[in-house]
Amino acid sequence: MCSGADTLIELRDSADMILVDNDDGGAGLCSLIDPAVDTAASGLAAGTYYIVVRHFDNGATTGQYFLDVSVQ
């Protein structure tokens, strides 16, 4: 839930390469990485991955933010 903030989310690998990013794919201005849509986020090999969430404006703050992660 992004509490009305316009977010951008990135999924990065251990080399800090962006595998997939999303802006406004969720409800309202919330970001969403959905493996059913973003195929780069599905079938990942075991390893270290990072999720980066920031305000779309990159200079603004997001305020209160909740991140829901599902690993299958």
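The values are calculated or read from the model by the stated rules, or taken from the named source; none is laboratory data. Everything quoted here is computed from the prediction, not taken from an experiment. For neighbour counting, all protein chains shown are included, and Cβ atoms are generated from backbone atoms with ideal geometry for every residue, glycine included. For accessibility, only protein heavy atoms count, side chains too; no ligands or nucleic acids. Shrake-Rupley method; radii C 1.70, N 1.55, O 1.52, S 1.80 Å.
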Problem set entry | Selection status of Leu19, open to solvent by 50 Å² or more (accessible area, probe 1.4 Å) and touching a strand residue (DSSP E or B) at 6+ places or on another chain (Cβ under 8 Å) | yes
For this session: Considering (1) modelled with pLDDT of 90 or more; (2) assigned to a strand (DSSP E or B), say which one Arg54 fails and leave the rest.
Result: (1)
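One line per residue, one yes/no per condition, for (1) more than 12 Å from the chain's Cα centre (by Cα); (2) in a loop (DSSP other than H, G, I, E, B); (3) surrounded by 10 or more Cβ atoms within 10 Å (Cβ to Cβ); (4) modelled with pLDDT under 90:
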position: Val37; (1), (2), (3), (4): yes, yes, yes, yes
position: Ala46; (1), (2), (3), (4): yes, yes, no, no
position: Gly59; (1), (2), (3), (4): yes, yes, no, yes
position: Gly63; (1), (2), (3), (4): yes, yes, yes, yes
Problem set entry | Of residues in segment 3-35 being modelled with pLDDT of 90 or more and among the acidic types (Asp, Glu), the one farthest from Tyr50 (Cα to Cα) | Asp21
Exercise. Can you tell me which residues in segment 5-16 are in contact (Cβ under 8 Å) with a residue 40 or more places away in the chain and open to solvent by 30 Å² or more (accessible area, probe 1.4 Å)?
Worked result: Asp6, Arg12
Exercise. Taking segment 22-35, which residues are in a loop (DSSP other than H, G, I, E, B) and open to solvent by 50 Å² or more (accessible area, probe 1.4 Å)?
Worked result: Asp24, Ala27, Gly28, Leu29, Leu32, Asp34, Pro35
Exercise. Looking at this structure, is Leu67 modelled with pLDDT of 85 or more and open to solvent by 60 Å² or more (accessible area, probe 1.4 Å)?
Worked result: no
